[in-house]
Protein chains: 2
Amino acid sequence: MKYTLTWQARAIRPDGESAWFPAQVPGNVQRDYGAYMGWGDISVGENVTLFRQTEGYTWEYRAALDCAAGNGENAVLVFEGVDYRFDVLLDGMTVCEHEGMFSRVEVPLCGDEREVVVRIHPHPIREDAPFEDRQQADQCVKPPVCYEWDWHPRMLVSGIWQEAYVEMRHEDYIRRCEAFYTLSEDFSRAEIRFETDCSAPVSITLFDPDGNVIAAGDSRTVFKVENPRLWWCHGQGEPALYTYVARTAHHETRGQIGLRRVRLIMNEGGWVEPIGFPKGRSVAPIQLELNGRRVFAKGSNWVNPDIYNGVIDAARYEALITLAKDANMNIFRCWGGSGVNKKAFYDLCDRMGIMVWVEFPLSCNNYVGTEHYLAVLEQEAAAILHDLRSHACVVMYCGGNELFNNWSLMTDQSLALRLLNKLCYDLDRDRPFIMTSPIFGMGHGGYTFYDPDAKKDVFTLFQSSHCTAYTEFGVPGVTNIEDIRRIIPDDELFPIRDMGSWRLHHAFGAWGAARWLCMDVLEMYAQEPLDTLKKVIDLSNWLQCEGYKAIFEEARRQAPYCSMAINWCYCEPWITAAGNSLITYPIKPKPAYYAVKASLRPVLASARIPKFDWHAGECFHAELWLLNDSPEAAKARIMASILLDGVEYPLLAWESGEAAANTNRIGPTVNWILPDVDAAEFTLRLEAGAYSSEYRLCYRRSEARRETRQMNV
Amino acid sequence: MKYTLTWQARAIRPDGESAWFPAQVPGNVQRDYGAYMGWGDISVGENVTLFRQTEGYTWEYRAALDCAAGNGENAVLVFEGVDYRFDVLLDGMTVCEHEGMFSRVEVPLCGDEREVVVRIHPHPIREDAPFEDRQQADQCVKPPVCYEWDWHPRMLVSGIWQEAYVEMRHEDYIRRCEAFYTLSEDFSRAEIRFETDCSAPVSITLFDPDGNVIAAGDSRTVFKVENPRLWWCHGQGEPALYTYVARTAHHETRGQIGLRRVRLIMNEGGWVEPIGFPKGRSVAPIQLELNGRRVFAKGSNWVNPDIYNGVIDAARYEALITLAKDANMNIFRCWGGSGVNKKAFYDLCDRMGIMVWVEFPLSCNNYVGTEHYLAVLEQEAAAILHDLRSHACVVMYCGGNELFNNWSLMTDQSLALRLLNKLCYDLDRDRPFIMTSPIFGMGHGGYTFYDPDAKKDVFTLFQSSHCTAYTEFGVPGVTNIEDIRRIIPDDELFPIRDMGSWRLHHAFGAWGAARWLCMDVLEMYAQEPLDTLKKVIDLSNWLQCEGYKAIFEEARRQAPYCSMAINWCYCEPWITAAGNSLITYPIKPKPAYYAVKASLRPVLASARIPKFDWHAGECFHAELWLLNDSPEAAKARIMASILLDGVEYPLLAWESGEAAANTNRIGPTVNWILPDVDAAEFTLRLEAGAYSSEYRLCYRRSEARRETRQMNV
C-alpha cells in the first residue's frame, strides 16, 4: 500500500529563506517557485532568464508524515528519483545523503516520524569550466542539456522529479521479481525464469499476450513456451507481450515480457574493405537484427519533451509516442544529453513496438574518470540498467552522444566508457552496447537545408554520403505563426532581428550566427521579398518538408548498407522560434512531421532527385525507386509526371516488379528539359495509389522571363 | 622449498600405448616423442610432417612422488602451466580436470602419494572447421599459430610447458604479495602499497634501484617515495626498478616495481576531423605516453621463438631481447596468435626497458562467445592479468590480432572482446586496452617489397599512407645460405622450385603462390639472370634491408601523427626458407636486422626517397630529414652525395639546426639528373658522423648502354 504525501517547498537564498510554497511531486522545484514568484510561462518572451538568479539556491521540500504501520507492516519512505544532490531529514535528523537522480532511495520509517525534509543542494558546477555551459556538468551524472544547448535555454532544474511515497510492506513484500528468458536459435521455444527477492515463497502466474493463463509456478519454475509469439517492432509484426503476476500473501506485483532476440550485426557490405595496404579495420556494425531479421531503423532523436523533466507524465509520453507510431517510425534514439526517461515511457514503447536506443547521460563533454565521477556513474548506470533491462523495447545501449569528436575529446580509452561497457556486460550481456554515436562508419549531421562549406543542399549532400547509419540529421523550420505570436512580444515580431526573444528562442546565435532561422538560406531560395512573417514561415517549412523527405528517403535507398535513419530531433522542451524538431512544444506536429510520415511509409514510390533547385532549360532528372521495408513483398505501377505552372506533363510509367520483403527496387531515371514558364516551383508527382509521392521543388525562370514578369508587375 | 620431479611420458595411440620415454619438463611431449621415435630435427626437410600422425593422441606424463612434508609443512603439487586440456591423477585417482594453459593448477598432497600422472587430451579441434587450419582453434584459448600459419608449420604441441614441482609450505606461506602504487600528477611523489595473501603477518622491505633499503613495513604500510626514479623505456631514460622482499618466519618472496604512468592518448593531429557532414568519429588514440612524454614506439612483432613453446628458457629470451635493445627498439608487440610468454620474458623486459604490448591469445578467427568459450577465456585472461599486471614493461593490452577484419569477422559487439575489456577494467584499470589491432586509424601491411595491386614499392606505398600507427609491415628476405643448405635437401636446392621442402618452409604457397620467396618481385629488379642461389639470396636481402629502412624511417618521419612502427616480425619459430623476420631461428640476425638497427638510431640523417628503382636520365630527388626521437635536442651537418659506378657526386650540405627532443626536422630536397653509366645500383650517402646513413638503390642504365654492355660481354 502506497501513501502519497503533500509537499511544500522553499528556497534558501543568499538573503534568507523564502516562505513555503506548494510543491508538485513529481515535479521541479523551480517550476513551483516560478509560480510562487509569478514569473509567468517560461516559453514566453524572456521569462526563462528570470531563473538564472536561482542557480545557487538550496531548496527544501517538506511533508508531514502520518502513516502508522499496521500489524506486521513496515513503513518505508520511497524516492524513485530526486534531482540531483540531496539529503533526507526525518524530524530534523539527516538520515541519508545522496548524489544521483536515477537511483532510488528508500528510508525505513519507525512510524513515529512527523516530518520529512528533502534538502536539495545547488547544481554541480565545475568551478574551472570556462562558460555558463554544459562543461560545468562534466563531472556529474545529470543531463547536461539543462546547462544550455543550441535548442534548450539554460535552466537548471532539480527537485523530486519521480514518484515519492510511503509504502507499507509486510515481511513477504516482493522487493524484486524479474523475468529472464532464452529463445532457441530458431525461435520455436522460449524458456522463462524468474528471479525474486523476497523472504517468502513467491507464486508466479504467466499469461500469454491475449491474457490467458499459460502456467503457474514459482521462482524455481522454468516456464516453457512452445512457438512463442515474438515481440516485433512497429511495422514488422505485433509487439506481443506476455505478462505475469507474482504474489505472496500480502503483496502482488506484475510485469510484461517481450520475447525477442536483438543483435547489432555487420551492415550488409560492411565487410568489404578497401583493397591494398596498409589495411585498417572494417566499420563497426550498426545493423539491428530483430528475431533474425535485418530491420531498417527509422525514427527520431527523442529529447526531453519538457524543460521541467519532473512534470512529464504517461499521458504526455503516450501522445508523443502515438504520433511517432502514426508516422511509421520504429525507433527512438533517446539522446544522452537529455538523460533517461521515466518508466512509463518504456512501458509504452514496449506496448507500441517502438524500439529504444538508450543513451547514458553523457553528451558533448569530456567526462574525466575521477574516482568520484566513476563511483557516481557506476551507481547511476547500474540503477538505469536494473530499471531498463526487462523492457523488450530497449534494443541497445550507448555510452553517450558524440563523445569521440573533437568537441568532446573522449576516446576508446576513457574510463567512464570502459566502465559502461563493463556494467552493460555484467548486468545485461546480450543487449548490444556501443560507446558513443557516431562510431566508425556512422554519420551525424548536417543540420541545415544547405551546407555553405560543401556548397550542397541536403539532396546532393546525402547522395554523396555513404554511411552505415545516419543517426542525426536535421533541417530547421520556423514554428507556426500562432505559437510565434505567443512567444515573441508584438514589438519584436517583424521584421525579424537578431535580438531579444528571437535570439533566446534560438532563431539566431544558437549554432553560428544564422541558426536556426537560417535567413541566409531562405534568401537563397526566395524568389520574392520575404516581407511578411508568413512568407518566412512558409518558405522555411517548405524547405524543412522537402529536406527531411530527401534525407529519409535517400537513407532508405542506401539500405541495406545503411541501416538507420534517425533525424534530429523529434520533440522540443519548450517553444523554439525555429529548430529541427518535427513537433512543436508540447505536442503540435509541424508540416515536416507529415512529410516525414509520408517518407516513412513501409512501401512508397520514391525519387532520387539530385538537387532541390532547377532552372528553366535545364534537364531535370530523377531516379525512380520502390522502397519497401515492410515484411511483405510489394510492387507498384508508378506514373511519373511533372506539374509545372498548372500543367501536368506525363513522363513515364514504370512497372516495378516485385520488391521482396525489406528490399528496395530501383527503376529507370526520368529525364525532362524544363520549359521556361512563369513559375517559382514545380512538383514531381509519382502516382502509385497508396504508394504515391510528391516532391515540390524550386524552379527558377529564365532571366528574360523574370524581367518580363517584373515589367508586367 | 621446491622439489623438481623426474618425468616420463608415453603416447596413447589408436594402436595402443607406446613405451614410457624420458620427458623434459618444462617442455613439450611431442618433442620428447620425436626424439624417442628418432624423427630428427624438425627444421630439416619435411621432418615436421611426421608429427601429423600424433594429432589425435592422448599423452600421459608420470613422475614418482617422494617428498614427505616436514614438521608443520604442507606439500603442494604445482603446475604453472599445462598445455592444454588435462587431468591430474594421484595414484590412479583423478584429482583435477582442467582446460587452459595459462592458469596455474595446485594440488595439495597428503604426503603418502607415490605417483602423479598428467593425462593430456588431444587438441581441441572444432569439428565443423573446414580445413586443417587455425579455424579449428576458434573455441579454445590456445595460441592458434600451432594449427598452421603462413610462416609456421602445423605442429600441435602440448605438454607441461611451464615449471612443475612439489612445494613444501608452512602455514605462513605467502601465497601472494603484490605491489600497487600511485604517482602524483607531477611524478614528484609515489605511494606504494602491498596486498598480501598470507595467514601470518608479512614484513616488507623496500629497496631503491641501487639496492639501498628505503623503508620497512608491512601490508598496512604506505611506502612514500619522494622524487621517485621513474621507469623509462630504452632510449628515453633508465628502466629504474625498485625491489622488495616480503618475509614471514618460513617464507620469503621478492619482486620488482617500475614506477611509471602509461596512457594511450590521442595522436597529435588526431582530433582534426574532415570538414563537412555527415561527420564520423575521430581516430582511436594509439600514442603511448610514458610519464607524461609522448614516446614513439619502435620495435617488432614478437612471435613464439620456438615451435616448442615449452623449451624456451630465460637465456633464449635474454639473447633475443638483448638484440632488440641493441637494435634501438623500445617495444615488442607480443602477437596474440602466439599466446603469452613465460614470466622470465617480462622480467627481462622490465630490466631492459622494452615496452610490451600484450595480446590475448586470439588471432584471425571469429571466437564466438559460447558459454564454454567465455568461461575458459575468463579464467585464462584473469590468470594472465594477475601474472602480468605487476610488470612495468607491460604498457597495454590488446584483445587479439586483426579481429575486426573480414578474415576474422569479429566486431565491437563480440562478447569475447567485451569480456576482455571488462576483465582488464576490473583487474588492471589504469593500463590501456584496445580490442584488436588494427583499430580505426592504424594500419597493417604490406608484407612484400612490391605491391602488385597498388603497383608501388614500399617506398611509395608508405609515403602515400597516413596512419596513426604501423603495427605490422614486412619485407621478406631469403635465409642465409648455410641454414638453407641445412634445411633443404641437396637434391631440391637449386634451381628453386615450388615443391617439397622449399614449399614446406614457406618459400611458396605460404600466402598466395609466390610468398615468401617472391621470385616475381626479385625478377622485377634483377638486372642479370638469377642463376645461382647466392644471387637470389643477395638480391632478396638487399630488398629486405632497403625496404625495412624505407618503412621504418617513413613512419618516423610521419611522427607525431604516427606514433608506432612495429614490423612483422622479429623472430621465427623454426628455420624458414624465406620470410619477414629480422632474425633467423634460433638467434641469427639477418642483414635486415642491421639495416633496421641503423634506421632506429635515436638520431639519424634520413632521406625520403620516392621510390627504389631509378633510370639513367631521370631526375633523382630525396627530401632530407634529421630524425630525433631521443629525449635530447640534436643537430647535424649533413653532406648528401651520390655514389655511382665508383664516383662520388657531392649534392648538398645541410645544417639541420636544432631538432628539439623527440622531434624531427625537415631539410631541403636534393635533385640530381642521373647520368647514364654502366651500373646496376647507386648509393645515396648522407654523411653526418654518427648520424650518417646510406641508401643503396636500384639503377637501370639506358637501353643503348645495356646493349653496348651486352655486346662487350
Subject >> Members of region B:278-294 found to be within 26 Å of B:SER363 (Cβ to Cβ) and either surrounded by fewer than 24 Cβ atoms within 10 Å (Cβ to Cβ) or of a type in the set (A, V, I, L, M) (or both), listed by number >> reply: B:VAL283, B:ALA284, B:ILE286, B:GLN287, B:LEU288
Original post:
Looking at region A:332-347, is at least one residue surrounded by fewer than 23 Cβ atoms within 10 Å (Cβ to Cβ), among the small types (Gly, Ala, Ser) and either assigned by TED's automatic domain parsing to the domain that holds A:HIS386 or in contact with a helix residue (DSSP H, G or I) (Cβ under 7 Å, 6 or more places away or on another chain) (or both)?
Top reply: yes
**OP:** Give region B:247-277 a look and list any residue that's part of a loop (DSSP other than H, G, I, E, B), without any contact (Cβ under 8 Å) to a residue 60 or more places away in the chain and under 33 Å from the mean Cα position of the chain (by Cα), or say none.
**Re:** B:MET266, B:TRP271, B:VAL272, B:GLU273
Subject >> Residue count, region B:147-175 (criterion: under 17 Å from B:LEU77 (Cα atoms) and without any contact (Cβ under 8 Å) to a residue 24 or more places away in the chain) >> reply: 1
Subject >> Qualifying position, being surrounded by fewer than 19 Cβ atoms within 10 Å (Cβ to Cβ) and hydrophobic (A, V, I, L, M, F, W, C), among B:VAL116, B:VAL141, B:VAL78 >> reply: B:VAL78
**OP:** Please specify each residue of region B:668-696 satisfying the condition of being among the hydrophobic types (A, V, I, L, M, F, W, C), exposed (fewer than 15 other Cβ atoms within 10 Å of the Cβ) and within 20 Å of B:VAL603 (Cα to Cα).
**Re:** B:ALA690
**OP:** Go over the candidates B:VAL222, B:VAL202 one by one and state the one that is farther than 26 Å from B:TYR33 by Cβ and surrounded by fewer than 18 Cβ atoms within 10 Å (Cβ to Cβ).
**Re:** B:VAL222
Subject >> region B:239-277, subset surrounded by fewer than 16 Cβ atoms within 10 Å (Cβ to Cβ), among the small types (Gly, Ala, Ser) and more than 10 Å from every other protein chain (Cβ to nearest Cβ), residue nearest to B:GLU632 (Cα to Cα) >> reply: B:GLY269
**OP:** Take region A:62-80 and flag every residue that is on the phi < 0 side of the Ramachandran plot and either in contact with a helix residue (DSSP H, G or I) (Cβ under 7 Å, 6 or more places away or on another chain) or small (Gly, Ala, Ser) (or both).
**Re:** A:ALA63, A:ALA64, A:ALA68, A:ALA69, A:GLY70, A:ALA75
Original post:
Inside region B:614-638, can you point out the residues that are of a type in the set (Gly, Ala, Ser), surrounded by 20 or more Cβ atoms within 10 Å (Cβ to Cβ) and in contact (Cβ under 8 Å) with a residue 60 or more places away in the chain?
Top reply: B:ALA616, B:ALA622
Subject >> In region B:278-296, residue nearest to B:MET355 (Cα to Cα) [restricted to those that are within 11 Å of another protein chain (Cβ to nearest Cβ) and not in a loop (DSSP other than H, G, I, E, B)] >> reply: B:GLU289
Original post:
If you take the residues in region B:409-428 that are at the interface with chain A (Cβ under 9 Å from one of its Cβ atoms) and out of contact with any helix residue (DSSP H, G or I) (no Cβ under 9 Å at 6 or more places or on another chain), which one is nearest to B:VAL145 (Cα to Cα)?
Top reply: B:LEU409
Subject >> Among residues of region A:443-478, those that are facing another protein chain (nearest Cβ under 8 Å), touching a Lys or Arg at 6+ places or on another chain (Cβ under 8 Å) and in a loop (DSSP other than H, G, I, E, B), counted >> reply: 2
Original post:
Do we find that B:TYR570 is part of a helix (DSSP H, G or I) and over 19 Å from B:LEU684 (Cα atoms) in this structure?
Top reply: no
Subject >> Scope region A:304-337; condition in a loop (DSSP other than H, G, I, E, B) and farther than 27 Å from A:ARG557 by Cβ; matching residues >> reply: A:ASN304, A:PRO305, A:ASP306, A:ILE307, A:TYR308, A:ILE312, A:ASP313
Original post:
On the given criteria, is A:TYR346 closer than 21 Å to A:ASN567 by Cβ and assigned to a helix (DSSP H, G or I)?
Top reply: no
**OP:** May I ask you to list pairs of residues, at least six apart or on different chains, whose Cβ atoms are under 6 Å apart, with the first in region A:547-569 being touching a residue at least 60 places away in the same chain (Cβ under 8 Å) and assigned by TED's automatic domain parsing to the domain that holds A:ILE583 and the second being in a helix (DSSP H, G or I) and small (Gly, Ala, Ser)?
**Re:** A:TYR548/A:ALA592; A:TYR548/A:ALA595; A:LYS549/A:ALA595; A:LYS549/A:SER599; A:PHE552/A:SER599; A:GLU553/A:SER599; A:CYS562/A:ALA555; A:ALA565/A:ALA555
Original post:
Which of the residues spanning region B:639-667 are out of contact with any Gly (no Cβ under 6 Å at 6 or more places or on another chain), in contact (Cβ under 8 Å) with a residue 24 or more places away in the chain, surrounded by 13 or more Cβ atoms within 10 Å (Cβ to Cβ) and part of a strand (DSSP E or B)?
Top reply: B:MET639, B:ALA640, B:SER641, B:ILE642, B:LEU643, B:LEU644, B:LEU652, B:ALA659, B:ARG665, B:ILE666, B:GLY667
Original post:
Which is out of contact with any Leu (no Cβ under 8 Å at 6 or more places or on another chain) and either at positive phi or within 14 Å of chain B (Cβ to nearest Cβ) (or both), of A:ALA315, A:ALA375, A:ALA319?
Top reply: A:ALA375
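The values are calculated or read from the model by the stated rules, or taken from the named source; none is laboratory data. Quick caveat, the model's predicted, so the values are computed rather than measured. Note: ideal-geometry Cβ built from the backbone for every residue, glycine included; neighbour counts use all protein chains shown.
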